[in-house]
Every structure is written in structure tokens, then in C-alpha cells.
Amino acid sequence: MGNRPMKWFKLGSATLGLGVLALAWPAFMPMPWGHVPPKASPPAPRPLFDPQPWTVVIWALLVVALITVINHRYKSQATTTLPLPADGEDTSALDTSISDLERAFELRAEAANSGKMAALPMFISLVLQPEKSRTRTVETVSLEGRVIVQDVRIEMALSDALIDVFREEGAGKNEAPADEIHPETYVPILNCSKREMIDNFQVRDREDRSVDILCYEETVQLISSSLHLLVHAALPKATDDENITPDGIDTAEALFLMLMCSNKPVSDKTVEKTILAAFAHLGLRTRDGVESRNVTWLREFVKTLAHSTPVVAIVPDLPETRRLQISYCRTTIPPNKSKQLRHWLRLMLGLRPVTLQMVPGMAFNSKSYHLQVKAPASQYLMEQTLRCVECGQKLSGSEVETDGRGGCVHLQPPSPRNGHAEPYFQLLRKRGQNYAHLYMRGFADLKQKNIKISTSFGEVPPGTLASAVITAVTSVLLISAVGFAETGGLERDSDIPAILLVLPAVAASWFGFSSDTEAILRSSLAARCSLILGGFVSMAASVLFIVSGSLAEKTGAEPASLPPPGRVGEPAPLLGVEVRWWWSVLIYLASVNLVYVLVQSIVRSNAYRRLLRKETVLNENTVI
């Protein structure tokens, strides 16, 4: 049943395609049995085209229907089918089965017996307060065609603050005997959205050795064990409430696990309702809107893992300095959401993307953050802009090294007088490099990720613009020369002029095939459009030269006298020389193409040269 729509699409496409092919001949070509001349009359050449108006209309309608069906088919296949977030009045909106919950409880029991409970406080701390341990995060994003390669290096200084709090609270003190302290440390390095697939994922340590990560079942075991620890830490100290029973605690944990182990995205509404229902089983009630620290930790832990699944790295031996460096690399395929005509043309012409927009989300869970957006060596940084998502205010200037705090009210910490550092960012100045560098600190205290960076890259001049200029100059010279010569009575005993006229089109194709494929696909839109326009104009000039010569031979007149004055083809003056009007049009189009691509080449070359000559106040190093 699921393949029936696709079968109907294929059947409809095949039927319409056969109809288009069957009607193409009677619509445009003469039929073999139509208008047979008498045998006595001399044979006359049959016309090449004999269009029939009504047949042409029917054929055009079939073509439109065929294009519509095919376009709808591929559009339906390319439509993004994001999973709908679970949203309902009860837990029926979640997709966690009873068997999954039973397995999670079994895994929790196995973890308690294996002595892994000693590693849980550190894991909880890294989930709830990653900015306390992440001292420095360096993210490098490389553009490789339509794919983005993300390379992240995380430097950590693990803290025992939350572990000491758990010891003070007495939570989990009976879970792990002192002689069974587990040596492994579980470090969450990445939170993935529900149903997000990680592609080409690799994890390395400081010595560039491969680091193991937990599988899904091990991650569920770690989450369920941590949840059990947080639930018992959040229970009221006074247990006089008869509603707090072991079954009630298990029910609450089951509700929490249904949120965190769900395979589909969960809406905020469902998360809040489920948390309140679980709190009711635990006897947790807020008084005047204030809840204890342990309850807040439990709430935030469930909220965090209800929307994402952590990727947890295993650190077997923690250094004495408690400092770690973990790096990971993965590949993502971002969508093209731009509505601009320029970006649409690049997509239609098969050119690689040159603009990247992203939210530097890792700056909000790290003390300091560096972001590098790298393009291939054949491109350079043209524009870099930092904007506030809330108000759209531009935070960065194009000709300044740094903008400090940006001056946006949305970048202010919640309580600057309580020890929260004010956010600060810095953009590396454009100097012709092929990357953008953003530095941020103090953003961990902001509640919303309300910053977006946009970077645009261009081809390093002269690049393919030089090829386009050469092709445009050749096209103008050849078309002008042949046009003037043809009007003045050029002999038709050679095919060399026709070959010369099509030479720019051949040159445009040759530049495309002989050059580096990736370099061509990363070329500027102006160069690609100029090469295409120059090729079409050259081919049109060659075809018109051949057709006009054939008409001259048919009528037996000289080309210079065709057509006679006063008719449509009467010569028109161009730079003091009279040429046929079609040659004037072709020369005009070729000249416009030349002027456009030449101006683009000069402007971009000068702009790139000015970037290379920018002065810096930090050092006196120069390259020649």
C-alpha cells in the first residue's frame, strides 16, 4: 500500500511521456502521406517543419502536464519529513514501550551491582553545568562542497563541586562501596537531537588516540542510574507523607525515562506535564514558587535529556591534574534555505555554496570559545557578520577588529552585579584569508542562544573571472570582424568564419573541463554566467552566418545585397560601418557581456588587493 502512490506516479509519467513522443511528429513535422505532388510535376523539396496549430497546443499541454507530474514526484521525495514532536495530554504521546522501561530498570540494577555509581555525580555535573568544566572549546567548520566537516576540540578541568554537594546531601552513599570505586569517567561531549544521525564520527584524546564511546544501551544504563540518584536526592527529608511509596518512586522514574528514552522529539508542553505528574508521585511540591536545589537539578536533568541524547566518551584513567582534552569530528549536510535570486542561480548552475550561517551554540556551555569557518584555499573571506537573533541588530562592523560587547540589550547577563561576567566577542579582521575567526567568552550565563554568525566567501582573483574575460574579448572581436566582413561581401567558399565564430563557446567548455572540477564549481556566479552567455552568443553567430550564406546561395545574390534596402534586414550603422541588424544585436550582447565581466574582475581584484594591504597594529610582519 505504501508504494501505490509511487506506482501511480510512474504510470502517469510513462503515459504522458509516450503521448508527448507520439504527438511530437504530427505537431511539428510533415506527415509522409500528406500533400503528395502530381507525378508530372517536378519533385519539390518537402518543408523541414510543418507545425499544426491545434496539435501543437495539445502537445504543449501534455508537456506541461508531464513536467508537473515529474516535478511533484521529486518534490514529494525531497520534502523534509521531520518527526512531529510528541504532544498530548498524557504519556500516550510518547513512544517508549513497556519492554524498554523494563530493560532500563534492569540496566540500572546491573549498574548498582557493578559499582558504577561512583562515576555518576561527575556525569550529572557535566550534563547540568558543562560550562563549569569546559574551559576552552575550539570549533572548526570546513566547507567541503555541500557538506560541512565539524572538528571540535574540548579542553576540560573537571570539578568536584557537585560531587561534594552530593556527599553533603548523602545521596547515593550506600550505592557504591568504597572498595569498588569505578575508575572510569563518563564525559558527555555532544548532545544530539532526537533521531539525529551522526555521520563520520570520530573521537580522539590529547595524544590523538581513539576514545571509546558508550553504545545506546550503555547510555540508557548511565541515564537511568543517574536519574535514580537524583530522584533519591530530591526526595523530601521528612517521609511522613503516605503518598511517597517505593511504587510511587518507580512510577515517577518510569515517567522520567519515558521522556528521556523517547525516540521522537518531545514538546515542551508534554515535558512539563510529565514532570509535574512524576513530582506528584514523589511528593515534591513547590512552596511560593521556590523549590530546593536538588529538585531543580532533577528538573533540569530531565528537561535536558528529554530533548537530546548525549554522546558519552569513556575516560579510563583520569589524570592527576583532572584536565582532559577530547576532540571529535563529524560530517553534517545543512539545507539551503536562502530565498535570494543570486543563491538560487548558484544552485541551478551547480555552483558550490559560498555562504554559511550558524549559531555558535558551544559558546553558551564553555568559558571561552573559538570558532573558525574555513573555506578552500582558492577562496577568501568576503563578509562576516554577527547578528542578534532576537532584534536582528548587527553586532559586528566590517572594518573593525573587535566590537567588544556589541551594545545589544539581549547580550546582557541576567544579574551582572552577582558576579556574572559580561559577554565579550571578537572577530578577526578580513585580510584576504580563507577563514573567519570568532572568539567569545562570558556567554554561558545567557539563557538564550540568540547570536548568529554569517560568513561569505569569494573566489580569489583572477580565477575563473580571467577565463571569462578572455572568452568575452575573443567573442567580441570575432563576431565584430565576421559581421563587418560579411556585410562588406565576404566570400562563402570557406567554413573557417563559422568555425572561428564558435571558438569562444568551445573555449568556455574547455575552461570548464580542463580546470580543476572543484575550482570550477566554486567559481563566482559572474564568471559562470559570462561563460554561458558568451557561448550562446558565439553559437548564435555561427548559426546565423551559415543560414545567411545558405539564403544567399539559394537566391543567387551576393550577401552584401541581401536583403534589399527598405526591408527588415536593412543594414544598420555601427561605429560608422553598416552591418546587418542581427550582427548589431550579437555585437551588442557580446559587448555587454565583456563590460560586465571586466568590471566584475577589476572591482573584485582591487577589493582583494586592498584586503592584502591592510595594516595591523599588533605586529610588523609582512609578506611579499
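The values are calculated or read from the model by the stated rules, or taken from the named source; none is laboratory data. Quick caveat, the model's predicted, so the values are computed rather than measured. Neighbour counts are summed over all protein chains in view; Cβ atoms, including those assigned to glycine, are modelled from backbone coordinates with ideal geometry. These accessible areas exclude ligands, DNA and RNA; they are computed on the full protein's heavy atoms, side chains included. Shrake-Rupley method; radii C 1.70, N 1.55, O 1.52, S 1.80 Å.
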Original post:
Somewhere in segment 282-300, is a residue modelled with pLDDT of 85 or more, more than 24 Å from Pro246 (Cα to Cα) and either open to solvent by less than 50 Å² (accessible area, probe 1.4 Å) or not in a loop (DSSP other than H, G, I, E, B) (or both)?
Top reply: no
Original post:
How many residues are among the aliphatic types (A, V, I, L, M) and either surrounded by fewer than 18 Cβ atoms within 10 Å (Cβ to Cβ) or assigned to a helix (DSSP H, G or I) (or both) when one looks only at segment 301-321?
Top reply: 5
Original post:
From the set of residues in segment 207-250 that are open to solvent by 20 Å² or more (accessible area, probe 1.4 Å) and of a type in the set (Ser, Thr, Tyr), which is modelled with the lowest pLDDT?
Top reply: Thr239
Subject >> Answer from Pro83, Pro37 - the residue that is under 41 Å from the mean Cα position of the chain (by Cα), open to solvent by less than 80 Å² (accessible area, probe 1.4 Å), at pLDDT below 75 and farther than 30 Å from Gly17 by Cβ >> reply: Pro83
Original post:
Somewhere in segment 122-129, is a residue in contact with a helix residue (DSSP H, G or I) (Cβ under 9 Å, 6 or more places away or on another chain), at pLDDT 80 or above and open to solvent by 30 Å² or more (accessible area, probe 1.4 Å)?
Top reply: yes
**OP:** All but one of (1) under 30 Å from Pro461 (Cβ atoms); (2) modelled with pLDDT of 75 or more; (3) surrounded by 14 or more Cβ atoms within 10 Å (Cβ to Cβ) hold for Pro353, so report the exception by its number.
**Re:** (2)
**OP:** From (1) exposed (fewer than 14 other Cβ atoms within 10 Å of the Cβ); (2) under 45 Å from the mean Cα position of the chain (by Cα); (3) modelled with pLDDT of 60 or more, pick out the condition that doesn't hold for Val547.
**Re:** (2)
Original post:
So which residues in segment 361-379 are within 16 Å of Thr140 (Cα to Cα) and assigned to a strand (DSSP E or B), if there are any at all?
Top reply: Ser368, Tyr369, His370, Leu371, Gln372, Val373, Lys374
**OP:** Using the structure shown, decide if Thr274 is outside any strand (DSSP E or B) and in contact with an Asp or Glu (Cβ under 9 Å, 6 or more places away or on another chain).
**Re:** yes
**OP:** Tell me, yes or no, whether segment 197-209 has at least one residue that is free of Cβ contacts under 8 Å to residues at least 40 places away in the same chain, under 23 Å from Asn365 (Cβ atoms) and not β-branched (Val, Ile, Thr).
**Re:** yes
Original post:
Just for segment 374-405: of the residues that are open to solvent by 20 Å² or more (accessible area, probe 1.4 Å) and modelled with pLDDT under 60, which one is nearest to Arg610 (Cα to Cα)?
Top reply: Glu399
Subject >> Selection count where residues are of a type in the set (A, V, I, L, M), part of a loop (DSSP other than H, G, I, E, B) and modelled with pLDDT of 85 or more, scope segment 426-459 >> reply: 1
Subject >> Evaluation of Leu324 against (1) open to solvent by less than 40 Å² (accessible area, probe 1.4 Å); (2) closer than 28 Å to Leu257 by Cα (one fails), failing number >> reply: (2)
Subject >> Cross-chain or 6+ apart pairs with Cβ under 7 Å, segment 491-505 first and within 14 Å of Ala590 (Cα to Cα) and assigned to a loop (DSSP other than H, G, I, E, B), then at pLDDT 70 or above and among the hydrophobic types (A, V, I, L, M, F, W, C) >> reply: Val502/Met539
